[in-house]
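Please read the structure below before turning to the comments.
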Amino acid sequence: MGSFDVEPEVGTIFVAQPLDFELEQRYELRLVASDGKWENETLVVVQVLNRNDEAPVFSRSEYQASVTEELTQLPVFLLEVSATDPDQEADQTALRYSLHGQGADGEFTIDERTGRIHAQRRLDREERAAWRFLVFATDEAGAGLTGFADVLLEVRDVNDNAPFFPCPALEVDGCFVGQVPENSPAGTSVMEMRAMDLDDANEGKNAMMTYSIIKNVRNEINLNLFSINASSGTIYTVLRSLDREVEERYLVVVEARDGGGLAGTGTATIMISDVNDHPPVFTQRVYTTQ
């Protein structure tokens, strides 16, 4: 069946198939009239009128961009989106852009004519590392059909958080308490001090931490009693000279420093546990009785 048909008795031409202006704008029809003996023909030209039946189409189905957190020179340009109206003879300047979804009500804005998207507020990666929202393009100056695309925005990290030691459970002797038996050999593991850094571990060295002891305990000949693994934060004994009968508790201050130079401290309480290393001793050497 063709695109047009005719009522044979009255000559009315009607549309037999849907017409698409974008595919064909003009048809020429040869119309024949016959009485059975004689016939005559004429040319019928049909002009297809365009109507708004095609929604705008973006150049991408998803746009991706990134922005550094904590920028203060606002607004910050992020990216520019672009759409076209597939309708023939459509006014491409009549497209209007808008944002929809989380962040579209304050954090981000779009120029409705150019499609340029800006951040209106300072973004914090520790609060939210990524944003996803929709961008709309509507033809006929915002009164017609609408197309859409996704926008994915990644917030890049800066080193704005110092390491800190979270208290796992507050005890009588402090947050970080370890135990080691007295007279333990040098190199005995005592406890682990683990710090946290809210910066992105995948962004350079922002969250790469190095541990050190900034306030140690020394013995009578001025030698340190403890050491720490710079990578793991594990504290070890240095000398086999811990005697509970001399001192049962030591305080060691540990520093965690990230790759950007920010640091935090925590205090380790090291308890020396007793071992049976002394025989009983009488209070006097000679006892006399009668």
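The figures follow:
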read-out: Residue exposure sequence - 118, 100 - by fewest surrounding Cβ within 10 Å; value: 100, 118
read-out: The stretch 123-182 shape via C-alpha gyration tensor axes, a/c threshold 1.5; value: prolate
read-out: Structure-derived Kirkwood radius over Cα pairs in Å - corresponding label in [x] 21.0; [y] 20.5; [z] 27.3; value: [z]
read-out: Estimated inter-spin distance, residue 9 and residue 62, nm [label 7 Å along Cα→Cβ]; value: 6.1 nm
read-out: Label point 7 Å beyond Cα of residue 114 along Cβ direction - residues of the stretch 78-108 with amide nitrogen under 12 Å; value: 78-81
read-out: Per DSSP, loop chymotrypsin sites (Phe, Trp or Tyr not before Pro) in the stretch 22-80 with at most 10 further Cβ within 10 Å; value: 38
read-out: Cleavage-rule hits, trypsin sites (Lys or Arg not before Pro), the stretch 1-54, DSSP coil, Cβ neighbours within 10 Å at most 10; value: 37, 51
read-out: Pairwise label distance in nanometres, residue 239 with residue 198, each label 7 Å out on the Cα-Cβ vector; value: 4.2 nm
read-out: Exposure proxy ranking, count of Cβ atoms within 10 Å, fewest first, for 155, 46, 135; value: 46, 155, 135
read-out: Formal net charge of residues neighbouring residue 264 (Cβ-Cβ distance under 11 Å; K, R +1; D, E -1); value: -2
read-out: The chain: relative contact order in percent, alpha carbon pairs under 8 Å with at least 6 residues between; value: 14 percent
read-out: Difference of contour (0.36 nm per residue) and Cα-Cα distance, residue 167 to residue 215; value: 15.4 nm
read-out: Distance in nm between pseudo-label sites at residue 283 and residue 26 (7 Å out along the Cβ direction from Cα); value: 12.7 nm
read-out: Net charge over other residues, Cβ less than 10 angstrom from the Cβ of residue 232 (K, R count +1; D, E count -1); value: 0
read-out: Loop sites in the stretch 32-81: GluC sites (Glu not before Pro), DSSP, at most 14 other Cβ within 10 Å; value: 70
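Each reported figure results from applying straightforward, stated rules to the coordinates on display, with no laboratory input. Quantities reported herein were computed from a predicted structural model and do not represent experimental measurements. In this analysis, Cβ positions are derived from the backbone assuming ideal geometry, glycine residues included, and neighbour counts consider all displayed protein chains.
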